[in-house]
1. With a bin width of 5 angstrom, please list the P(r) values of segment 234-357 as percents of all Cα-Cα pairs, from the 0 bin to the one holding the largest distance.
2. Could you give the nm distance between label points at L201 and T103, where each point is 7 Å from its Cα heading toward the beta carbon?
3. Roughly how far apart, in whole Å, are the Cα centres of segment 299-374 and segment 136-171?
4. Set the Förster radius R0 to 35 Å, insert the Cβ-Cβ distance between N371 and L55 as r into 1/(1 + (r/R0)^6), and round the FRET efficiency to 0.05.
5. Could you sort 158-171, 55-68 so that the peptide with the highest average Cβ count within 10 Å comes first and the rest follow in order?
6. Within the chain, which DSSP H helices have Cα atoms that stretch 15 Å or more along the helix axis and a mean Kyte-Doolittle hydropathy of at least -0.5?
7. What does the highest-first list of 366-372, 92-98, 72-78 look like by mean Cβ count within 10 Å?
8. If the reach is capped at under 17 angstrom between alpha carbons, list the aspartates and glutamates near K209, excluding any in the same chain fewer than eight residues apart.
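Just so it is clear, none of the values below were taken in a lab; they were calculated from the coordinates. Because the structure is predicted, anything quoted here is derived from the model rather than measured. So basically every Cβ, Gly included, is an ideal-geometry build from the backbone, and we count neighbours across all protein chains shown.
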Amino acid sequence: SFTAVRSGRVIARGSYGFADVERKTPVTPDTVYRIASISKPFTATVIMQLVERGLLGLDDDVSRHLGFRLRNPRFPRRPVTIRHLLTHTSGLRDGGRYDDFLTASYGPNPPPLTSMLLRGGDFYSPAIWRRSPPGRDFYYTNLAFGILATIAEKVTRSPFDEYCRSRVFEPLKMNASFNVSHFANLEPLAVLYYHYSEEDLKKETNAGKKEFEPAIDNYGGKALPENGHRPVRPGFNAVVHSPQGGVRASADDCAHFMLAHINDGVWEGRRILKSATARRMRRVHWEGRRHNGIYRRNGLGFHITRGLVPGTTLVGHSGRAYGFQGAMFFNPATKWGVIIMMNGGDYYKDEKGDVEFLDIEIKLFRMLHDNLIR
């Protein structure tokens, strides 16, 4: 799926292939994808709404809101702030037992966030911390956005998914949610397909698998199965809502959100952020080289890049998980943007080493820009 916008409106959209290969269900403009890390700007927007309300400050020590002391044990006197979490400069990483913690958080008995962050917790490991003080270096981390969402729950006393629905999705008239059970009809959900390379298929653990296997949202158009998930009180562990990657939305619905940011916080007369806040989010708050050598600039929940269209600065985010690949980037100066969403592919066959964007992302984005925007 793709949607392109310019001058405050959608100028083109397209949909190709199958949302569900087994049932031969075609992708349509209404197809809903789990959009992976494109979700992070949504979480960041909620945090900035709370900053506007005076409930949070960008340079607040997060310990103040979490109710426990969060410190890199190597730098115990250096506080971790909201800004650090939004810019991936906290020193945290998705290391140690993070994957186990994530699995448990999505299960029937989610553990508290403290079990991951505090020494002695069931999932704690010193490996969640880099040898870098808060604010100095960029290390991309999903865990930071789980902490941000938990803080949002603490100060609003509301479940994160419900707060996002009432403060972002509904005002922007988006058929979107962090919670799949909010969808009355599962038919529009795209199945995400994980790709197994030839080398992967040779492994004994992958015996019997096909090149593409359903990875998530494989509901077959049927009602959502009961998963026995135990509701948790707000502020206990907002990772249950997957604030780092769990938004489900169509490309057209995400265009409403993108247009709101292009237009300094407002879409069709519906304001979700003050103008100054929207501009603040897309300013550079950190720049330098990533640990893998790739140059990076970051706003608040946004990636700022010149790597998609030569000579053009774009603001947005890409996403990659469970077979999904997508990008949502816009130019706030000339007010255009493009959204791309894919639910499965051999994305890596042309890659050589660390890259800012996959080759397929760059080719598709530039093709749409050159034919629709330029």
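1. 2, 9, 17, 20, 21, 17, 10, 3, 1, 0
2. The modelled label-to-label distance comes out at 2.6 nm.
3. After rounding, the separation between the Cα centres reads 24 Å.
4. For N371 and L55, the calculated efficiency is 0.20.
5. Details: 158-171: 19.7, 55-68: 16.6.
Top of the packing list down: 158-171, 55-68.
6. On the way: long enough: 40-52 (18 Å, 0.72); 143-156 (20 Å, 1.41); 251-262 (16 Å, 0.62).
Span-like helices in the chain: 40-52, 143-156, 251-262.
7. On the way: 366-372: 14.6, 92-98: 19.4, 72-78: 12.7.
Descending packing order for the listed peptides: 92-98, 366-372, 72-78.
8. Result set, ordered by chain and number: E22, E198, E199, D200, D346.
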